[in-house]
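Take a look at the structure below.
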Amino acid sequence: MTIEKHDLIHEFPEYKDKIHTLKMNNAHFARLFTAYHEVAHEVHSIETGAVNTSDDHLEMRKKERLNLKDQLFHMLTQA
């Protein structure tokens, strides 16, 4: 089984330029972007077995990643 990374550029390749622009010019977007990537990295580490944790913690972090992704997507589509 292959574990996918969920970095924002791969999730939304059509918004690559907007992602870069918003990261540089919108502090709120930049904070959400950083938080998203930290959570995505943690989830990936758990899923690959590099970090052990409870299933509940993993599910909580996945939900947090999804929430951040939704907020970022909303900002991308409104920009």
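Read the figures in this text as sums done on the coordinates, not as results from a lab. Please read these numbers as outputs of a predicted model, since none were measured by experiment.
Between the helical axis of 55-78 and the dominant principal axis of the chain, each derived from Cα atoms, what acute angle in degrees is found, rounded to the nearest 10?
10
Can you give the angle from 0 to 90° between the axis of helix 27-47 and the longest principal axis of the chain, with both taken from C-alpha atoms, to the nearest 10?
So the inclination is approximately 20 degrees.
Structure shown: which of LYS18/LYS69; LYS16/LYS62; LYS23/LYS69 lie over 21 Å apart, alpha-carbon to alpha-carbon?
LYS16/LYS62
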